[in-house]
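Just below is one structure, and these are the notes that go with it.
Read-outs throughout are calculated quantities, based only on the coordinates presented, and are distinct from any laboratory measurement. Everything quoted here is computed from the prediction, not taken from an experiment. Don't worry about glycine lacking a Cβ; one is built from the backbone with ideal geometry, like all the others, and counts go over all protein chains shown.
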Amino acid sequence: MAVVKADAYGHGAIQVARALAGEGVSFFAVATLTEAIELRGAGISERILVFAPPNPDELRTFEEYELDVSVTSAPVAELVMRSASDGRSHRIHAKVDTGMHRLGLGVDEAAMQINQLLDTANLEVAAVWTHLATASDPEDAFSLEQIQAFETVLQELDARPGCVHVASSAAIFSLPSSLSFDYSVMVRPGIALYGLLENVHDIARFDLKPVMTLRSRVVHIQDLEPGATVSYGRAWTAVRKTRIATVGAGYADGYRRSLSNKGRVAIQDRSVPVVGRVCMDLLMVDVGPQDGGNSDVGVGDEVILFGERGPSAAEVALWIDSLPHEICVSVSNRVPRTYVDSLVEFGGSQDPAGPVFV
Ligand SMILES: *Cc1c(COP(=O)(O)O)cnc(C)c1O
């Protein structure tokens, strides 16, 4: 079950779903009904699960678009049973809250409620599922407690659901017990589809290749004397004579303001630091003294903010206590997407003459 919510983590849900369907993916997941309808509108005919529970007036739409329904609480279970008794057919995924405490049927009542669902005409219990709170930390025993609670619920069922699904990306790679049940098993990878994991070392270890590259260009160059300050709030001061490159990207493009004085970008295959505050449309980097370092950096040079030949989105995330998920979804609508050989490259005009933004 390929997770393409939030516009496929900023990569473009329609393009990603089409590419994955072409590779044989037969099941997608999105967060909201609106996202699912967008995929159907683009001709995606594979199964789609909507993670969010339905509102009472939405079940008709779920049926119309043939979308799988998440049953995440007793009231939602009541709702779909009523809809089924009104003659509508639904494929449902009964979610058990085994400790994440976000959505799901409480473990104590889950089996009883799922048994009722299994027994309801017009309802197909396509899956029973749960979500782990600590999958990104393989040392944490809480995942095993959650899986144990999940198994207990499964054992109390009167009939077999179509399948079970537990693992998101981190668990797929580091928690084998989330993959083996006495049922058909699906997995729910999101970030790994895009070539990333939270753990930077795992990206290399499992040979993942980040799909998205966010790039821009140098739009201005200046040489500063010691003592000169850069950007709003004067949060960075030159301690030596140095050359500063202004880059056409800022927080309105999704390059987070919290990367001020923390981020690094790649220019001419060298890593250079972001200096001073990131602005809405621009940021500054220190490309080094004019008599050494990157002194030959010039206007129009390509700047890799993250992706191929630059830091990975997972590294960027580490600098600001974030996740590669958040770094990717933050790339804003203003940034033109270019699709290359079914790999996504983000970037603007090739023409270095005008002002160039990512
Ligand atoms: C977003 C999401 C996923 C995917 O998580 P990744 O860490 O991106 O693999 C899986 N399951 C649920 C319920 C989610 O909300």
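Residue-wise test of (1) part of a helix (DSSP H, G or I); (2) over 24 Å from the mean Cα position of the chain (by Cα); (3) over 18 Å from Leu103 (Cα atoms).
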{"site": "Thr134", "(1), (2), (3)": "no, no, no"}
{"site": "Gln146", "(1), (2), (3)": "yes, no, no"}
{"site": "Val153", "(1), (2), (3)": "yes, yes, no"}
{"site": "Val164", "(1), (2), (3)": "no, no, no"}
{"site": "Ala167", "(1), (2), (3)": "no, no, no"}
{"site": "Ser177", "(1), (2), (3)": "yes, no, yes"}
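Being within 29 Å of Ala21 (Cα to Cα) and of a type in the set (S, T, N, Q) is the filter; apply it to the stretch 47-96 and report the residue that is nearest to the chain's Cα centre (by Cα).
Ranking the candidates gives Ser70 first.
Conditions first: (1) within 16 Å of the ligand (Cβ to nearest atom); (2) β-branched (Val, Ile, Thr); (3) more than 16 Å from the chain's Cα centre (by Cα). Ile44 passes all but one, so which condition is the exception?
Condition not satisfied by Ile44: (1).
How do the strands (runs of 3 or more DSSP E) wholly within the stretch 1-117 filter down when requiring 3 or more residues that are surrounded by 21 or more Cβ atoms within 10 Å (Cβ to Cβ) and in contact (Cβ under 8 Å) with a residue 40 or more places away in the chain: which remain?
90-97
Out of the stretch 179-200, which residues are more than 11 Å from the ligand (Cβ to nearest atom), small (Gly, Ala, Ser) and on the phi < 0 side of the Ramachandran plot?
Of everything in the stretch 179-200, those that are more than 11 Å from the ligand (Cβ to nearest atom), small (Gly, Ala, Ser) and on the phi < 0 side of the Ramachandran plot turn out to be Ser180, Ser184.
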